[in-house]
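Chemist: Supplied in structure tokens, the structure appears directly below.
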Amino acid sequence: MRIDGFRGRLVTGDDLDYDTARAVWNRSVNRRPRLIARCTGTADVAEAVRFARGHDLEIAVRGGGHNVAGTAVCDDGIVIDLSAMRAVSVDPADRTAQVQGGALWGDVDHETQAHGLATTGGIVSHTGVAGLTLGGGIGFLMRKCGLTVDNLLAAEVVTADGSVVRASADDHPDLFWALRGGGGNFGVVTTFRFALHPVGPGVLAGPVFWSADDTTDVLRFYRDFAADAPDELGTVVRLGTIPPLPVIPGELHGRPAIAVICCYAGPIADGKRAVEPLRRLRTPLADLLTPKPYAAHQSATDATVPHGWHYHWKAADLTGLSDDAVSVIADHAYRARSPRSYTVMFHMGGAVTRVPHADTPYAGRDVAHNINIDAVWLPGESDEYAATETAWARRFFDALKPHRADSVYVNFLDSDDDAAGRVWEAYGDRVYRRLAEVKTKYDPDNAFHLNKNIRPG
Ligand code: FAD
């Protein structure tokens with residue numbers, strides 16, 4: 001099989017590396033595309049889109065391959081694979097970065113931190129920039145710098161008919177609006193241009209762990225602490241067993257615990273003052289909050305969520321951390337059977353709330369906390385084990401029903417959420433309809449439908 005004018009590599013079932021090329025982060029996804037078009041640049045992407053449309057092939061688009069629902073790979077169709085397009089170039093004078101559509105957050109942090117700059121990105125360095133950005137983008141810097149989409153200045157996009165367009169505030173502004181939260185519905189983004197901010201390179205960052213028995217007290221304290229936190233302080237709560245990372249004392253590995261993971265994006269001394277009440281809350285199991293390079297912090301938990309394990313997620317935006325919500329979380333978080341399953345809660349607020357709702361499709365700007373319940377099992381573990389793990393996540397999620405906000409972060413939705421109407425929930429009626437109008441204009445045939453799909457019309 002060949003694509004006229006295509007310079008990259010075409011991988012098919014006849015190639016020795018076919019199984020590696022079709023694998024995505026979540027190994028419970030096992031799809032067999034007819035063709036994987038590993039693009040070298042925008043021209044290849046445009047050729048691949050035209051080829052797919054001309055041959056009526058189903059299209060999957062792959063950035064970092066991290067989406068839990070596995071939408072970066074399809075059965076029988078074509079994967080337009082940008083994983084060889086990872087270049088990042090920084091202009092320190094105007095504080096911007098050009099990032100190719102297959103880059104990972106580790107690539108961006110590596111290049112931008114060479115200039116003491118950064119933009120809001122994911123908290124695991126092997127996550128793709130493209131999928132994360134197109135869904136909104138949350139991370140440690142968001143309270144200071146806004147969501148990833150709030151820092152998006154322009155994008156180069158290959159649309160469903162194979163044309164190459166630029167989207168920005170001045171060019172195709174409707175498309176630019178839709179790209180900032182509407183997911184991969186509108187075309188293949190080959191380049192992103194981001195605004196950067198001075199960050200570090202040294203930041204005060206890391207987790208403080210307390211015993212799981214202290215969860216209720218820690219969360220009640222954290223709710224008030226987070227509400228008063230300065231914008232520079234980004235925090236993520238992690239509940240589960242302590243992972244066997246080399247930086248954590250060995251005797252704590254495997255112990256159920258709650259951690260508040262911090263990153264203070266400002267002077268270290270100010271950060272120490274800001275986290276002092278948290279550190280004094282009660283005697284921790286371990287306090288690993290220390291000055292370190294921002295890029296090192298961003299990859300500190302990479303090994304706890306590797307490619308190749310099996311994952312199932314249930315996510316919700318929360319109305320708040322009331323005492324009742326805290327009880328539900330404390331009651332369910334440690335009931336998973338697998339020591340690898342865990343729950344994370346991001347603290348939103350700050351700059352996220354200061355961008356008007358109408359500016360982007362991202363719906364959860366007023367939400368203070370979201371939660372992501374992550375069931376994990378290994379490839380060799382039985383179906384029964386997998387069922388127990390996913391049942392834990394679903395029970396936990398169901399118990400949170402009274403505390404769920406109207407929105408949900410679209411990038412945390414799993415495959416079963418689509419049928420449950422949760423893509424609509426992610427946006428709400430008004431925004432969904434506006435996204436559908438843009439979809440109708442740029443992809444009327446819904447060629448890009450392997451995603452959190454917005455239907456045209
Ligand atoms: P892929 O799986 O490659 O793609 C997912 C979808 O995105 C595709 O189906 C397609 O529709 C679209 N897409 C991908 N590339 C392109 C492109 N170039 N052009 C157009 N559409 C494209 N999210 C956060 O906001 N913050 C976090 O801190 C965070 N942490 C995470 C940690 C882990 C371990 C994981 C697995 C996910 C995390 N996420 C986080 C969620 C993340 O935003 C999504 O998984 C996202 O889809 C990852 O992007 P990707 O490019 O790797 O996705």
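The values are calculated or read from the model by the stated rules, or taken from the named source; none is laboratory data. Owing to the predicted nature of the structure, the values given are computational and were not obtained by experimental measurement. Using ideal geometry, Cβ is built from the backbone for each residue, glycine included, and neighbour counts are taken over all protein chains shown. Just the protein is used for accessible areas: all its heavy atoms, side chains included, with ligands, DNA and RNA removed. Shrake-Rupley method; radii C 1.70, N 1.55, O 1.52, S 1.80 Å.
Chemist: Heavy-atom accessible area of Ser28 with all protein chains present, probe 1.4 Å, nearest 10 Å²?
Modeler: Near enough 60 Å² of accessible area.
Chemist: Using the Cβ atoms and a cut-off under 10 Å, what net charge is assigned to the surroundings of Tyr342, where Lys and Arg are +1 and Asp and Glu are -1?
Modeler: On the way: positive: Arg238, Arg340; negative: Asp374.
Charge balance near Tyr342 sits at +1.
Chemist: A further question on this structure: Determine the shape class of segment 135-240: with a ≥ b ≥ c the square roots of the Cα gyration tensor eigenvalues, call it rounded for a/c under 1.5, and otherwise prolate if a/b is greater than b/c, oblate otherwise.
Modeler: Numbers: a/c = 3.19, a/b = 2.40, b/c = 1.33.
Here segment 135-240 falls in the prolate category.
Chemist: With the Cα gyration tensor of segment 312-457 giving a ≥ b ≥ c as the square roots of its eigenvalues, does the rule (a/c under 1.5 for rounded; else a/b larger than b/c for prolate; else oblate) give rounded, prolate or oblate? List each step's numbers first, then the result.
Modeler: Working: a/c = 2.64, a/b = 1.38, b/c = 1.91.
It is oblate, given that a/c is not under 1.5 and a/b is not larger than b/c.
Chemist: Still on this structure: How far is the Cα center of segment 362-403 from the Cα center of segment 133-166, in Å?
Modeler: One Cα centre to the other: 27 Å.
Chemist: Moving on to the next point. Can you give the FRET efficiency to the nearest 0.05 for His357 and Asp14, using r as the Cβ-Cβ distance and R₀ = 51 Å?
Modeler: Result of the calculation: an efficiency of 0.55.
Chemist: Between the helical axis of 383-399 and the dominant principal axis of the chain, each derived from Cα atoms, what acute angle in degrees is found, rounded to the nearest 10?
Modeler: With rounding to tens, the tilt is 70 degrees.
Chemist: Just add up the charged neighbours of Val408: K/R +1, D/E -1, any other residue whose Cβ is under 14 Å from the Cβ of Val408. List each step's numbers first, then the result.
Modeler: On the way: positive: Lys314, Arg365, Lys401, Arg404, Arg422, Lys452; negative: Asp317, Asp366, Asp406, Asp414, Asp416, Asp417, Asp418, Glu425.
Taking every Cβ under 14 Å from that of Val408, the sum is -2.
Chemist: Averaged per residue, what accessible surface does segment 9-81 expose to a 1.4 Å probe, in Å²? Working shown, then result.
Modeler: Working: 2890 Å² over 73 residues.
On a per-residue basis, segment 9-81 sits at 40 Å².
Chemist: Pick out, from Thr148, Gly271, Leu219, the residue whose Cα sits farthest towards the positive end of the charge dipole of the chain, with +1 on the Cβ of Lys and Arg and -1 on the Cβ of Asp and Glu.
Modeler: So the residue furthest toward the plus end is Gly271.
Chemist: Return the Rg/Rh value of segment 9-81, two decimal places, where both radii are evaluated on C-alpha atoms and Rh is the Kirkwood radius. Don't skip to the end; give the middle numbers.
Modeler: Numbers: Rg = 11.3 Å, Rh = 12.1 Å.
Result for segment 9-81 is an Rg/Rh of 0.94.
Chemist: Now for a separate question. When only the heavy atoms of the protein chains count and the probe is 1.4 Å, how do Thr12, Thr119 rank by accessible area, highest first? Before the final figure, lay out the partial values.
Modeler: Details: Thr12 30, Thr119 0 Å².
The ordering from most to least exposed comes out as Thr12, Thr119.
Chemist: Sorted by mean Cβ packing within 10 Å, highest first, what order do the peptides 313-326, 421-434 take?
Modeler: Working: 313-326: 19.1, 421-434: 17.4.
Ranked from most to least packed, the peptides come out as 313-326, 421-434.
Chemist: Continuing with the same structure: When the helix-only estimate is applied to the chain (DSSP H runs of n ≥ 4, each -39,500 (n - 2.57), divided by the residue count), what is the mean residue ellipticity at 222 nm, nearest 500 deg cm²/dmol?
Modeler: Taking each H run of at least 4 residues, the total per residue is -8000 deg cm²/dmol.
Chemist: So for each of 200-206, 129-135 I average, over its residues, the number of other beta carbons within 10 Å; can you give me the resulting order with the highest mean first? Walk me through the numbers on the way to the answer.
Modeler: Details: 200-206: 22.9, 129-135: 28.4.
Averaged packing, sorted descending, gives the order 129-135, 200-206.
Chemist: Among 102-112, 440-450, 59-69, 374-384, how do they line up from the highest to the lowest mean number of other beta-carbon atoms within 10 Å?
Modeler: Details: 102-112: 23.7, 440-450: 17.5, 59-69: 26.4, 374-384: 15.3.
Averaged packing, sorted descending, gives the order 59-69, 102-112, 440-450, 374-384.
Chemist: At 0.36 nm per residue, and after removing the present C-alpha to C-alpha distance, how many nm does the segment from Asp331 to Asp217 gain when stretched out fully?
Modeler: Going from the current span to full extension adds 39.7 nm.
Chemist: Given the chain, what whole percent of its Cα pairs are spread farther than 37 Å? Spell out each step's value before the answer.
Modeler: Numbers: 22550 of 104196 pairs.
Percentage above 37 Å: 22.
Chemist: Considering only Ala93, Ala43, Thr71, whose Cα is most displaced toward the positive end of the charge dipole of segment 41-124, charges sitting on Cβ of Lys, Arg (+1) and Asp, Glu (-1)?
Modeler: Among Ala93, Ala43, Thr71, the one farthest towards the positive end of the dipole of segment 41-124 is Ala93.
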